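Comments concern the structure below.
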Amino acid sequence: MSKGSASVKLGIVGCGWVTETLHLPALRGVRTANVVALADGDPVRLKRVGELFRVPQRHADFRALLDDPTIEAVGVWLPADRQVEVAQAVLAAGKHLFIDKPLVFDLKVWDRLIEQAAQANRQVMVVGLPRRWHRLMYRARGVIQQEQLGKLQLIRTVLTGRNPERRTFHEEGDRRAVKGVLYQFGVHHFDVLHMLLQRDVEEVFASSSADRSTVNVAARMSDGVTVSSAFSEGESRNDEVEIYGQAGCLKISCYRFDGFEYYPPSAHPGDMKFRARQAVQSLKELPHGLLRMRRGGDFIDSYRVGWQHCADAIRDNARPDCTLVEGRRALQVVMAAKESMELGRPVKIAPASCDRS
Ligand SMILES: NC(=O)c1ccc[n+]([C@@H]2O[C@H](COP(=O)([O-])OP(=O)(O)OC[C@H]3O[C@@H](n4cnc5c(N)ncnc54)[C@H](O)[C@@H]3O)[C@@H](O)[C@H]2O)c1
């Protein structure tokens, strides 16, 4: 697509839950992208989602969508065992690709996709790790880049809630596979860590509850900062990152419109003056918060930002901030954590393998 032309023509493969509830609603807010075709093997879903979002072309076979020369970019939201195969076909068809987080537990498979992508001619590849596009995460990155927190010491993250893959658990082994909580939640926070700190994870030590529905990961970053991450599957929802430095502490809560709190080193979290200031700040942010809630809230908005980013990268022929390489980096940490859980000891992560581009 040439710079300045109207909008990127998109096709989406897979009309399941994530496409219907997150991607297509988010894409409504992206003026420079236009979904013109859908593909799904389930005719009932295809019809329902197509009608709901008024997408004119619908295909039972995704290859028909790839054969359409007017479609420039393709989003792939499929079950894990189909993801890479369809992504390879999208690249071979010469289209730009927006794919979900890596849904494989095998770096070699993902590396083959990276190798194929390296041969591609000016194709843009975006990996969907939407936490990194969350408004408050961007804000946190700015604070860290300006060194307002001083030397960093500790990061604590927690991600809990319903595991979207829970619906498709067929046997207990699914918790150990890509459907498990370490994988489904961990990959997002490990990506966020790199986005915020621009540092790799060097070593991980992971443990879990007996049924593996809760996983704790202790990690050390390449600059020595220690990280403690907890991932848990259940009904209580939380998505938080806390960053402690010598010049202050930052608390980011992704589910709150006012979930961005900075504590200078002298401030006690219970201090009344400090809490009053925070309450005033929340009231100031409320009108914007309500407006965003009407549009689906910050969570949907982070998907919108991702798609906007994808459309801009295609238009400007630029490298997106989250490619197959960023996806690989997060996947590598998850896999090391899984290995650590199985071995019952810390596992080191080779830095060189994170540096592919
Ligand atoms: N990045 C995120 O934040 C996030 C969130 C939730 C889910 N996901 C991932 O997205 C993927 C999709 O999740 P979901 O919840 O929508 O799954 P889902 O099971 O609801 O939907 C998958 C859809 O793909 C269709 N399909 C399967 N094989 C196909 C093929 N060969 N051609 C065309 N259509 C085919 C199915 O008919 C179904 O409609 C999952 O693998 C999940 O891990 C990512």
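The values are calculated or read from the model by the stated rules, or taken from the named source; none is laboratory data. The model shown is predicted, which means the values in this text are computed figures rather than measured ones. Cβ atoms come from the backbone with ideal geometry, glycine included; neighbour counts cover every protein chain shown.
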- Identify, please: which residue in region 281-315 is among the charged types (D, E, K, R) and surrounded by fewer than 18 Cβ atoms within 10 Å (Cβ to Cβ) and is, among those, modelled with the lowest pLDDT? Arg295
- Message: Criterion first (among the charged types (D, E, K, R) and either part of a strand (DSSP E or B) or in contact with a helix residue (DSSP H, G or I) (Cβ under 7 Å, 6 or more places away or on another chain) (or both)) does Glu51 satisfy it?
- Response: no
- In region 115-132, is there at least one residue being surrounded by 17 or more Cβ atoms within 10 Å (Cβ to Cβ), without any contact (Cβ under 8 Å) to a residue 40 or more places away in the chain and outside any helix (DSSP H, G or I)? yes
- Query: Looking only at region 139-172, which residues are hydroxyl-bearing (Ser, Thr, Tyr) and surrounded by 14 or more Cβ atoms within 10 Å (Cβ to Cβ)?
  - Reply: Thr157, Thr160
- Query: Is it the case that Ala318 is in a loop (DSSP other than H, G, I, E, B) and surrounded by fewer than 18 Cβ atoms within 10 Å (Cβ to Cβ)?
  - Reply: yes
- Kindly indicate whether Gln332 is under 30 Å from Gly29 (Cβ atoms) and polar (S, T, N, Q). no
- Message: Tell me whether region 153-166 contains one or more residues that are more than 13 Å from Leu103 (Cα to Cα), within 12 Å of the ligand (Cβ to nearest atom) and assigned to a helix (DSSP H, G or I).
- Response: yes
- Query: How many residues are within 20 Å of Leu38 (Cβ to Cβ), in a helix (DSSP H, G or I), within 15 Å of the ligand (Cβ to nearest atom) and not polar (S, T, N, Q) when one looks only at region 81-113?
  - Reply: 6
- Mind checking which residues of region 28-72 are exposed (fewer than 12 other Cβ atoms within 10 Å of the Cβ), in contact (Cβ under 8 Å) with a residue 24 or more places away in the chain and farther than 21 Å from Val86 by Cα? Arg31
- Query: Looking at region 252-263, is at least one residue within 16 Å of the ligand (Cβ to nearest atom), in contact (Cβ under 8 Å) with a residue 40 or more places away in the chain and either surrounded by fewer than 17 Cβ atoms within 10 Å (Cβ to Cβ) or not in a strand (DSSP E or B) (or both)?
  - Reply: yes
- Selection count where residues are part of a loop (DSSP other than H, G, I, E, B) and surrounded by fewer than 17 Cβ atoms within 10 Å (Cβ to Cβ), scope region 225-248: 6
- Out of all the residues in region 181-194, is one or more assigned to a loop (DSSP other than H, G, I, E, B), in contact (Cβ under 8 Å) with a residue 60 or more places away in the chain, surrounded by 15 or more Cβ atoms within 10 Å (Cβ to Cβ) and in the same structural domain as Tyr263 (by TED's automatic domain parsing)? no
